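> Sharing a structure here in structure tokens format.
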Amino acid sequence: MPSIRVLSVASEAVPLVKTGGLADVAGALPSALAPHGVEMTTLLPGYPAVMAAIGKARRIHGYGALLGEPARLLTAKLDGHPLIVIDAPGLYRREGGPYTDAAGREWPDNWRRFAALGRVAADIAGGAVKGRRFDLVHAHDWQAGMAPAYLRYAPLPDAPRVPSVITVHNMAFVGGFDRAILPALGLPDYAWAIDGVEFYGRVSFLKAGLVSADAITTVSPTYAEEIRRPEFGMGFEGLIEGRADRVHGILNGIDAAQWSPAADPALAASYGHRHLNRRTANKRALEAEFGLDQDDGPLFIAITRLTWQKGMDVLAGLTDHIAGIGGRLALLGSGDAWMESAFHAAAARHPGRIGVRIGYDEALSHRMQGGGDAILIPSRFEPCGLTQLYGLAYGCVPVVARTGGLADTVIDANPAAVQAGVATGVQFDGVTHETLASAISRAASLYRQPEVWRIIQKNGMACDFSWGASGKAYAALYARLIEETR
Ligand code: ADP
């Protein structure tokens with residue numbers, strides 16, 4: 001069977017650059033799809049970290065002016081899979097994050113930086129680079145939303161028709177910009193339309209992708225349904241409803257090479273489901289690392305962006321509750337300044353009970369999953385969520401709001417599920433002070449029934465959230481779209 005050649009267009013991918021779940025997914029897809037006859041090439045912007053990682057790379061194409069900036073395309077490998085990097089110093093070579101400066105302010109030229117990503121994707125798919133042919137373009141989030149739009153509205157002359165998929169990892173990030181950028185995008189006038197790139201008087205790169213792609217996927221079946229409703233659709237609910245037959249929910253998997261408690265170099269002690277008592281060494285190490293009291297009460301963890309979406313404002317109001325029921329909390333995250341201060345204040349109020357680390361620390365996140373008893377994920381919406389999947393794999397029981405991918409991946413430990421021996425975590429409805437407080441109390445009381453807790457941990461560890469099924473689903477979707485385009 002000849003393989004399907006897919007160009008995956010992303011603004012971040014592990015191990016080169018990561019700000020969230022998108023990077024985990026973009027980094028894992030090439031390996032997830034290879035067993036299904038898909039050869040995936042990843043296209044990434046040449047941020048300093050990416051340029052440093054690829055070292056000396058071969059030039060395969062040049063631009064005098066890509067969205068006004070000189071650029072070259074370089075080819076390299078990412079974990080053994082093909083990678084194309086856009087080396088455009090004027091767009092990407094700067095210190096700071098992929099989307100913001102060091103102070104957290106959005107780069108003012110993000111529209112140009114990510115329009116360039118889309119333009120390059122459409123050019124490559126259109127045959128601009130000799131010897132590189134693609135059957136399909138897979139774009140991720142608003143940053144890659146212009147790829148399907150350029151394929152639809154402004155393909156290279158004589159380009160073959162190449163179908164595209166856009167995956168929405170988070171509908172809340174619409175990539176909205178002032179209408180004044182329109183002429184510089186190089187789209188025909190008719191693209192400025194209600195069924196084009198226009199979104200409430202502005203240009204939205206996410207909308208550009210959603211209206212242009214041949215299929216829309218999102219990262220869980222429940223979120224795929226939720227975004228048809230105003231509470232979750234962020235203004236796109238009508239569009240999603242109108243294209244419902246083109247919308248698919250495909251769960252993210254986890255990369256077992258990165259996330260396996262039996263072989264995780266970050267852990268003090270590795271373990272499998274038969275040796276859960278070995279987790280105690282990790283728990284002790286974690287307590288020491290966060291300056292927490294050592295005891296056998298429940299140790300809750302949170303690893304998250306500190307934002308309203310993640311319900312961290314609500315958790316910030318529950319630190320007294322956690323300490324009051326004999327629990328402890330170790331929190332790793334960064335985000336809204338007032339939440340960071342609120343958690344710092346809680347740690348000062350409850351020494352030994354609440355430990356806080358503000359920042360981003362990949363290795364610490366592994367140690368937390370390997371030593372914590374339960375991970376708190378009170379998201380108001382959650383397209384898929386990865387931290388609950390890591391929690392399940394590590395026997396760190398997820399306590400989650402019943403929404404999006406959290407609803408799809410955790411089985412609540414209600415009495416019937418406990419009795420049937422199928423529970424994997426705790427779920428609650430609606431994110432409020434009361435609902436989260438009672439979920440935390442319920443988790444603590446399950447924890448205090450060691451036989452029940454152990455079964456919940458083991459059930460979670462037995463779940464298969466590897467990429468197997470999802471890789472197959474993406475491959476089948478690609479094949480269908482390619483067939484339909486012929
Ligand atoms: P989102 O992409 O919305 O932030 P996900 O749960 O899909 O949420 O993915 C978050 C990813 O980022 C996970 O891999 C999680 O472990 C990681 N992560 C989030 N915050 C931190 C942090 N402060 N330090 C280390 N890893 C983090």
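The values are calculated or read from the model by the stated rules, or taken from the named source; none is laboratory data. All of these numbers come straight from a predicted model, not from anything done at the bench. For neighbour counting, all protein chains shown are included, and Cβ atoms are generated from backbone atoms with ideal geometry for every residue, glycine included. Protein only, heavy atoms only, side chains kept; ligands, DNA and RNA dropped before computing areas. Shrake-Rupley method; radii C 1.70, N 1.55, O 1.52, S 1.80 Å.
> For the pair Ala193/Ala159, report the inter-label distance in nm, with labels modelled 7 Å from Cα in the Cβ direction.
Result for the modelled spin labels: 1.9 nm.
> Right, next: Can you compute the modelled spin-label distance between Lys56 and Glu39, with each label point 7 Å from Cα toward Cβ, in nm?
2.5
> If you don't mind, there's one more thing I want to ask. By how many nm would the segment from Cys463 to Glu483 lengthen if fully extended, with 0.36 nm per residue of separation less the alpha-carbon distance? Show your work: numbers first, answer last.
On the way: separation 20, 0.36 × 20 = 7.20 nm, distance 3.36 nm.
Gain on stretching Cys463 to Glu483: 3.8 nm.
> Let me ask something additional. How about region 162-255: which chymotrypsin sites (Phe, Trp or Tyr not before Pro) there are in a DSSP loop, with at most 14 other Cβ atoms within 10 Å of their Cβ?
Listed in order of number, the matching sites are Trp192, Tyr200.
> Rg(Cα) of region 331-451 divided by 2.2 N^0.38 Å?
1.08
> Okay, next question. For the pair Arg243/Lys130, report the inter-label distance in nm, with labels modelled 7 Å from Cα in the Cβ direction.
My value for the distance between the label points is 3.6 nm.
> When the Cα centres of region 415-469 and region 293-361 are compared, how far apart do they sit, in Å?
Cα centroid to Cα centroid, the span is 20 Å.
> Label point 7 Å out from Ser445 along Cα-to-Cβ: which residues of region 278-302 have amide N under 19 Å?
297-300
> If you don't mind, another one. For Lys458, give me every one of the lysines with a C-alpha distance below 29 angstrom, ignoring sequence neighbours fewer than eight places off in its own chain.
Qualifying lysines at Cα under 29 Å: Lys283, Lys310, Lys472.
> If each residue of separation counts as 0.36 nm, what is the full-extension length gain between Asp320 and Ala256 once their alpha-carbon separation is subtracted? Before the final figure, lay out the partial values.
Working: separation 64, 0.36 × 64 = 23.04 nm, distance 3.61 nm.
Extra length available between Asp320 and Ala256 comes to 19.4 nm.
> Rounding to the nearest 20 debye, state how big the charge dipole of the chain is about its Cα centre with +1 on each Lys and Arg Cβ and -1 on each Asp and Glu Cβ.
Working: 46 positive and 48 negative charges, 220 e Å.
Dipole magnitude for the chain comes out near 1060 debye.
> Ignoring ligands, DNA and RNA, what percent of the 1.4 Å accessible area of the chain is carbon and sulfur?
54
> Based only on the alpha carbon positions, what is the Kirkwood hydrodynamic radius of the chain, in angstrom? Mind showing how you got there, number by number?
Numbers: mean 1/r = 0.0430 Å⁻¹.
Roughly 23.3 Å, rounded to one decimal.
> Summing Lys, Arg as +1 and Asp, Glu as -1, what charge do residues with Cβ under 15 Å from the Cβ of Thr424 carry, Thr424 excluded?
It works out to a net charge of 0.
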